[in-house]
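Undergrad: Here it is: the structure, laid out below.
The values are calculated or read from the model by the stated rules, or taken from the named source; none is laboratory data. No experiment lies behind these values; they were computed from the predicted model shown. Here the Cβ positions follow ideal geometry from the backbone for every residue, glycine too, while neighbour counts run over all protein chains shown.
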């Protein structure tokens, strides 16, 4: 029974790899193969920072900070924050997070308010516009 499960999982894996590596044709439009998109050597991972990239360590001065705070990035770009008090360290942690995820936060805010289609008006169709309208109706009725 275990061999049957293993063989069926193996067969399913190979079928997925085969079909995801072929372009998909839908109504005279060709969608590129998605497996190549996720390829770690030539896919979208190539847009990541190069292996030798090093974020500069910085000392942050702000009117909200009471003391000095320093941020050092390691080889995996993980920030290490050192400060004189915990309130300043937490403020800078939020600052660094916002700095790295500003686009994500903007899109999340627009999506929750039903205004995401404004950003993608060229790409989106009527389905996303109707979804945005229904989210706006829910938001208005909740107030």
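Undergrad: Having 2 or more residues that are within 15 Å of the chain's Cα centre (by Cα) and at pLDDT below 85 is the bar; report the helices (runs of 4 or more DSSP H) wholly within segment 73-128 that clear it.
TA: 86-100, 102-113
Undergrad: When you scan segment 58-106, how many residues do you find that are in contact with a helix residue (DSSP H, G or I) (Cβ under 7 Å, 6 or more places away or on another chain), under 28 Å from residue 48 (Cβ atoms) and surrounded by 15 or more Cβ atoms within 10 Å (Cβ to Cβ)?
TA: 5
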